[in-house]
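Trainee: Pasting a structure below so you can have a look.
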Amino acid sequence: MTRALLAALALLLALAGCATAPPGSAPSDQIIALLLPESKTARYEAVDRPQFEKVVTDRCPDCTVIYANANQDAAAQQQQAESALTQGAGVLVLDAVDAAAAVSIVGQAHRRGVPVIAYDRFIADADLDYYVSFDSRRIGRLQGDALVRELAADRSGPDEAPQGVLLVNGSATDPNSAALEAGVADAFEGAPIEVLAAYDTPDWSPDKAQEWVTGQLTQYAGQVDAVYAANDGTAGGAISAMRAAGLDPVPPVTGQDAELAAIQRIVTGDQSMTVYKAISEQARTAAELAVRVLRGEVPVTTARVQGVPALLLSPVPVTLDNVRRVIVDGGVYTTEEICVEPYTDACAAAGLLDGGTS
């Protein structure tokens, strides 16, 4: 072999080594990245981020949180992850916009030796280190059970025709949506319910949910007895569509997240229920876990999801009957926050303003 050829081979090997070496800083034991998926749902900027950052500051004063919100753009989240890793993130806490696309983010982090905590949304087919969330199938079951009870109360007898339900599901790119649907299907099994139509709401958008429900109310005029809405944002869109169509009272509608607007709709009777998830607790749990992992500890977990060590928190259904106990007494919202105009009369009727129980 000639000297020139040997030199050329050496150069190629050197270039190949440069191509496989990850650029940027080595992982730091003082940097945590928090990547959230969107801001249309109020919780992410109002609760998840500040609670997460507070716990990290308290538990690790010298640590830095690199924060980014992808605004429902999977490509943007990929770039945000790359940037965080380049800046030396030692742990990645990832709430994926698109679970399929996020597999590559997990792989990229692991090539750098950076552990990944899936937050709120599971990432299948990825070698996750930990998972922090709620049991989405359980949430769907709670939502479905609530509709089954509501519809059973409206039935005139066992021979009555099945009651019609619209399913306003979450985003198809969110793996929680499929689990929620499975839980609803569990609840509906054997019940005299007919699913008229189902919709996977892009980006969990309330506007798109409203637009779809508007069309279905025309197609199934007089047949819609209830609406399954996967979260409070889509519930708000569905209720707006039914109000605009002149439905009064609005048929039963579910929700999830216990947003302030949803609690107010429950008080007025426009929304039948929501599911309270202690999101602040979830964010604090993820932050505590991230700090421990950053320090090289092996935290104790409470469950395994598809083989991944997990911390799963318990959801709580909220109706008018327990809104005081769960939401007010639980410190989620005060009566002053809930009972502003035009909700004061409904709050008084519900016993939220006179010190009574509801």
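The values are calculated or read from the model by the stated rules, or taken from the named source; none is laboratory data. Everything quoted here is computed from the prediction, not taken from an experiment. Ideal geometry is used to build each Cβ from the backbone, glycine not excepted, and the neighbour counts take in all protein chains shown. Note: areas computed on protein heavy atoms with side chains; ligands, DNA, RNA excluded. Shrake-Rupley method; radii C 1.70, N 1.55, O 1.52, S 1.80 Å.
Trainee: In a strand (DSSP E or B) and farther than 30 Å from Tyr130 by Cβ: does that describe Val227?
Mentor: Values: in a strand (DSSP E or B): yes; farther than 30 Å from Tyr130 by Cβ: yes.
The answer is yes for Val227.
Trainee: Specify the residue that is least open to solvent (accessible area, probe 1.4 Å); the eligible residues are those in the range 236-249 that are of a type outside the set (D, E, K, R) and over 20 Å from Pro202 (Cβ atoms). Talk me through it step by step, then tell me what you get.
Mentor: The first filter runs over the range 236-249 and keeps only residues of a type outside the set (D, E, K, R), leaving 236-242, 244-247, 249.
Next cut, over 20 Å from Pro202 (Cβ atoms) only: 242, 244-247, 249.
Details: Met242: 0, Ala244: 89, Ala245: 63, Gly246: 59, Leu247: 55, Pro249: 106 Å².
Taking the candidates together, the pick is Met242.
Trainee: When you scan the range 116-123, do you find a residue that is open to solvent by 10 Å² or more (accessible area, probe 1.4 Å), under 25 Å from Asp186 (Cα atoms), basic (Lys, Arg) and touching a Leu at 6+ places or on another chain (Cβ under 9 Å), even just one?
Mentor: Looking through the range 116-123, none of the residues is open to solvent by 10 Å² or more (accessible area, probe 1.4 Å), under 25 Å from Asp186 (Cα atoms), basic (Lys, Arg) and touching a Leu at 6+ places or on another chain (Cβ under 9 Å).
Trainee: If you check Ala230, Ala226, Ala245, which single one turns out to be under 20 Å from the mean Cα position of the chain (by Cα) and at pLDDT 95 or above? Outline the logic, then answer.
Mentor: On the way: Ala226 fails: under 20 Å from the mean Cα position of the chain (by Cα); Ala245 fails: under 20 Å from the mean Cα position of the chain (by Cα).
Of Ala230, Ala226, Ala245, the one residue that is under 20 Å from the mean Cα position of the chain (by Cα) and at pLDDT 95 or above is Ala230.
Trainee: I've got another one for you. Taking the condition of being over 19 Å from Arg155 (Cα atoms), crowded, with 22+ Cβ neighbours inside 10 Å and not aliphatic (A, V, I, L, M), how many residues in the range 217-235 meet it?
Mentor: Qualifying residue count, the range 217-235: 4.
Trainee: Also, I was wondering about something else. Looking at the range 87-102, is at least one residue of a type in the set (Asp, Glu), at pLDDT 95 or above and surrounded by 24 or more Cβ atoms within 10 Å (Cβ to Cβ)? Show your work before the answer.
Mentor: So the first thing to find is which residues in the range 87-102 are of a type in the set (Asp, Glu), and the list is 95, 98.
If we keep only those that are at pLDDT 95 or above too, we end up with 95.
Narrowing the set further to residues that are surrounded by 24 or more Cβ atoms within 10 Å (Cβ to Cβ) leaves 95.
Yes, some residue in the range 87-102 is of a type in the set (Asp, Glu), at pLDDT 95 or above and surrounded by 24 or more Cβ atoms within 10 Å (Cβ to Cβ).
Trainee: Mind checking which residues of the range 108-129 are under 23 Å from the mean Cα position of the chain (by Cα) and of a type in the set (Gly, Ala, Ser)?
Mentor: Within the range 108-129, Ala109, Ala118, Ala124, Ala126 qualify.
Trainee: Which of the residues belonging to the range 37-46 are closer than 16 Å to Lys277 by Cβ and either at pLDDT 90 or above or surrounded by fewer than 18 Cβ atoms within 10 Å (Cβ to Cβ) (or both)?
Mentor: Selection gives Pro37, Ala42, Tyr44, Ala46.
Trainee: OK, next. Going by what's in this entry, would Ala109 be described as in a helix (DSSP H, G or I), among the small types (Gly, Ala, Ser) and crowded, with 19+ Cβ neighbours inside 10 Å?
Mentor: Yes.
Quick grid of which residues meet (1) in contact with a helix residue (DSSP H, G or I) (Cβ under 8 Å, 6 or more places away or on another chain); (2) surrounded by fewer than 21 Cβ atoms within 10 Å (Cβ to Cβ); (3) in contact (Cβ under 8 Å) with a residue 24 or more places away in the chain; (4) of a type outside the set (Gly, Ala, Ser):
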position	(1), (2), (3), (4)
Ala146	no, no, yes, no
Glu160	no, yes, yes, yes
Val165	yes, no, yes, yes
Gly170	yes, no, yes, no
Asn176	yes, no, yes, yes
Asp186	yes, yes, yes, yes
Gly190	no, yes, no, no
Val195	yes, yes, yes, yes
Asp200	yes, yes, yes, yes
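Trainee: May I pose another question? How many of the residues in the range 56-106 are farther than 20 Å from Gln30 by Cα, among the polar types (S, T, N, Q) and part of a helix (DSSP H, G or I)? So that I can check it myself, show each step before the final result.
Mentor: Filtering the range 56-106 for residues farther than 20 Å from Gln30 by Cα gives 69-79, 95-105.
Filter again for among the polar types (S, T, N, Q), leaving 69, 71-72, 77-79, 104.
With the extra rule that they be part of a helix (DSSP H, G or I), the set shrinks to 77-79, 104.
Of the residues in the range 56-106, 4 are farther than 20 Å from Gln30 by Cα, among the polar types (S, T, N, Q) and part of a helix (DSSP H, G or I).
Trainee: When you scan the range 163-176, how many residues do you find that are of a type outside the set (D, E, K, R) and at pLDDT below 95?
Mentor: Going through the range 163-176 one residue at a time, the tally reaches 5.
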